[in-house]
Amino acid sequence: MTNKFRLGTSFVVVVVLLFVLVSPAVQAQTKDQSGDKQMMLAHMVFFTLKDHSQAARTELVDACYKYLKDHPGVVYFSAGVRVEELAREVNDRDFDVSLHVVFRTKADHDRYQDAPKHKQFIQENQAGWAKVRVFDSSVK
């Protein structure tokens with residue numbers, strides 16, 4: 001194989017990898033009818049539990065993944081527990097579990113709110129919640 005062929009092949013591989021990595025992010029920002037990019041909707045939920053034990057926290061995180069992860073229009077999903085050692089003055093520590101879902105559009109978010117799995121998640125877990133705070137924002 002010549003160096004020229006190897007260089008060309010390496011370039012093609014790099015271009016394909018870049019396309020695969022960048023494409024989902026570009027596709028997530030859909031365009032509205034005017035051709036302008038629509039803002040995505042970030043849905044952040046912070047749960048304060050009645051039982052602050054690690055077992056209760058883990059159970060709710062697992063329920064988030066079971067019921068909330070694979071909804072249409074979700075471009076990012078994560079759930080987890082508060083990081084105990086981050087206790088600076090600016091850290092809000094009034095929660096046990098956080099849920100982070102970014103939707104492609106507000107319409108995707110609205111469908112998620114009415115989805116049977118979302119409603120089942122609420123029904124099966126709300127008894128353990130002392131407080132729930134929801135922060136929705138439009139994001140690029």
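Every number here is computed from the coordinates shown, using simple stated rules; none is lab data. The structure displayed is predicted, hence computed values, not measured ones. Positions of Cβ are generated from backbone atoms using ideal geometry, with glycine treated the same way; all protein chains shown enter the neighbour counts.
So the values come out like this:
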item	result
Per-q log10 I(q)/I(0), the range 31-139, q = 0.22 Å⁻¹ (Debye; single scatterer per alpha-carbon; no solvent)	-1.22
For ALA130, distant residues with modelled amide H under 5 Å away	THR48, LEU49, LYS50
Cα-based Lys pair tally, the range 31-139, threshold under 29 Å, eight or more apart or on separate chains	23
Whole-Hz couplings from phi, Karplus 6.51/-1.76/1.60, listed for the range 127-140; x for Gly and Pro	4, x, 9, 7, 7, 10, 10, 10, 10, 10, 8, 8, 9, 8
FRET efficiency, 1/(1 + (r/R0)^6) with R0 35 Å, evaluated for ASP110 and ALA130 via beta carbons	0.80
Phi-based couplings in Hz for the range 81-95 (Karplus 6.51, -1.76, 1.60; Gly and Pro marked x)	9, 4, 7, 4, 6, 8, 10, 6, 4, 7, 6, 7, 10, 8, 7
